[in-house]
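This report concerns only the one structure given below.
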Amino acid sequence: GGESWSTFNSPENETIEEIIADPYNPERIWIVKSGFTEGAKVYQSETGGQSWINISGTLPNISALSIIYQEGTNDGIYLGMTYGVYYRNGTMDDWIYFGQGLPNTEIRDLDIQYNSGKIRCATYGRGLFEADLYPIDEIQPDASFSAALKTVCLGDTVFFINESTGADTFLWNFGDGTLSNNYSPDHIYPEPGRYTVSLTATGDQLSGNMTRHSYIEINPYLPPVNIGEKDRDKGSVLYLNDDSFGMIFNVHFPSILLSVKVYTFVKGNRRFEVYDKNGTLVSKATVNLHSGENRVPLGFYLSPGTDYVLRVSGFAYLFYNSDGARYPYAKNDLLSITGNTAFSREKYYYFYDWEVQYMTCSDESLPVTGEAENVAADRIIIAPNPVWDQFTVTLMGFGLDEMVNIRIFTLEGILVYKAAINQERKITLPRSILPEAAGIYILEAGSPGNRYTKSIVTVN
């Protein structure tokens, strides 16, 4: 420290009597000058001395000799001059006289006693004086927050929005033993349940707090479903060592293929693979199997798509059913096994009792699949479509006494809008309910007797 120095240009030519810096930001500097140049007493820099702002205002044309910055205020500054003390802060347009009761002599030094709330000044030949600090209205920080979504599925991210004022540091308590100092954090909760969230906002040594009890609700995923043939044909002992055969399936909703059941003829490792319709490998897992029945853990995430293939790489030596297959195998038509790569309608290869986890915790998030649109696309009229502003949905084919539920989903199955309509079969909606600037959504209209879907296209 002090081995090298750099210079900065000082405004005017008068003598610099004192220099101070903001204790929180060293780029902010104030200097005071002696001499009798009118209006050249106090200067402020926000750039570490590279440029200066004259804040002398209407100070008298006498020497400025000392200056001190009061911490915990809005730039409160005390200035000692040839006669008296002056004060200003960030809310004031000019200096005010603060030297009542002081003798007419130079104020050579200033010091703030924070514990007692006093300012002390040392004079030239007249002793030491003190007075109460300028009264500052303490601003209590206002802690406030919200969450983008308060109810989510286990594993989803909760995004918190900080709406506090008058604070510069923050402490979040998410209610699960986890803390954060981020301004607007996001958080993933480890377990289902309701969580109380609190935020402490601090500024200028004062704090405010907001606590929202049972504010965040984390719901578990819906129970897994099982799809496909349950077991191999007990009367068949057929097996194959050909890895070219597999099962073709479609995915209409984000899902996880948790496991499948296989029957092995020869124990050892098998590599299970999923390919998309373009032949690209999207998931793989190597599992050691014993002879006989095996429940194979996979954990393959599956995004919506058609013509996926599940197969085994290398020598399979797995049993299959040579006849009796009943394609398609489906559950809520959200994942459907549609055939096999041998294109043999009667055969069922290798993979039994698929355990599928849909990536949702609410039945309301499960849309019907796009196939229904081809059957009854004229039952829903959307105008205009593509959508760039507000749009009107007109429903056809529903009875006048039917309650019709409208839901709009993203292609990932995320619910973005829902409403119930009774008798009125036309509704006008704002573009703002569709969050993406440009994209495709699925509108579903359903009643106890009918259920239809139609695509909505949005443009910028």
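At an R0 of 30 angstrom, the distance between the Cβ atoms of Gln390 and Lys277 translates into a FRET efficiency of 0.25. Extending 7 Å from the Cα toward the beta-carbon at both Ile440 and Asp323 defines two label points whose distance is 4.1 nm.
Here Lys41 is the anchor, and the lysines within straight C-alpha reach of less than 21 Å, apart from those fewer than 8 places off in the same chain, are Lys33.
Mark the label point 7 Å from the Cα of Thr15 along Cα→Cβ and return the residues of segment 55-72 whose backbone N is within less than 15 Å of it. Within reach of a label on Thr15, which here means backbone N under 15 Å from a point 7 Å along Cα→Cβ, segment 55-72 contributes 62-66. The slack between Tyr301 and Leu154, meaning 0.36 nm per residue of separation minus the straight C-alpha distance, is 51.4 nm. Using a simple spin-label model with pseudo-atoms 7 Å out from Cα toward Cβ, Asp176 and Gln50 lie 4.5 nm apart. Mean residue ellipticity at 222 nm from the helices of the chain, using -39,500 (n - 2.57) per DSSP H segment of n ≥ 4 over the full residue count, to the nearest 500 deg cm²/dmol? Calculated at 222 nm, the ellipticity per residue is -500 deg cm²/dmol.
What size of dipole, in debye to the nearest 20, comes out for segment 16-132 about its Cα centre when the only charges are +1 on Lys and Arg C-beta atoms and -1 on Asp and Glu C-beta atoms? Please report the intermediate quantities before stating the final value.
On the way: 8 positive and 15 negative charges, 59 e Å.
In debye, rounded to 20, segment 16-132 gives about 280.
Tell me which of Ile20, Pro384, Ser144 sits at the most positive position along the dipole axis of the chain, charges placed on C-beta atoms (Lys, Arg +1; Asp, Glu -1). Going by the Cα projections, it comes out as Pro384. For the chain, taking a cut-off of 4.7 Å between Cβ atoms, the unpaired cysteines are Cys121. Which one is right for this structure if Kirkwood radius over Cα pairs in Å is calculated from it: (i) 29.4; (ii) 24.8; (iii) 30.8? Answer label, from the structure shown: (i).
What full-extension length gain, to one decimal in nm, is calculated for Asp142 and Asp22 as 0.36 nm per residue of separation minus the Cα-Cα distance? Mind showing how you got there, number by number?
Numbers: separation 120, 0.36 × 120 = 43.20 nm, distance 2.48 nm.
40.7 nm is the gain from fully extending Asp142 to Asp22.
Relative to the Cα centre, the charge distribution of the chain, modelled as +1 at Lys and Arg Cβ and -1 at Asp and Glu Cβ, gives a dipole magnitude of about 2140 debye. Ordering Asn294, Leu199, Ala122 by the projection of their Cα atoms onto the charge dipole of the chain, which places +1 on the Cβ of Lys and Arg and -1 on the Cβ of Asp and Glu, puts Asn294 at the extreme positive end.
Under 5 Å from the amide H of Ser283 lie the amide H atoms of Val274, each residue being 5 or more positions distant or on a separate chain, with H modelled from the backbone and absent for Pro and chain starts. The length gained by stretching the chain between Glu38 and Thr428 to full extension, at 0.36 nm per residue less their Cα-Cα distance, is 133.6 nm. For each pair in Lys277/Lys418; Lys150/Lys418; Lys261/Lys347; Lys230/Lys347, compute the distance between the two Cα atoms and list the pairs where it is over 22 Å. Checking Cα-Cα distances, Lys277/Lys418 exceed 22 Å.
Which net charge results when you count Lys and Arg as +1 and Asp and Glu as -1 among the other residues whose beta-carbon is under 15 Å from that of Gly48?
Numbers: positive: Arg28; negative: Asp22, Glu27, Glu46.
Neighbour charge sum, excluding Gly48 itself: -2.
Listed by Cβ neighbour count within 10 Å, with the fewest neighbours leading, Lys150, Lys230 appear as Lys230, Lys150.
Only the coordinates and a few stated rules stand behind these numbers; no lab work does. In this text, all values refer to a predicted model and were calculated from it rather than measured experimentally. Note that each Cβ is placed from the backbone with ideal geometry, even for glycine, and that neighbours are counted across all protein chains shown.
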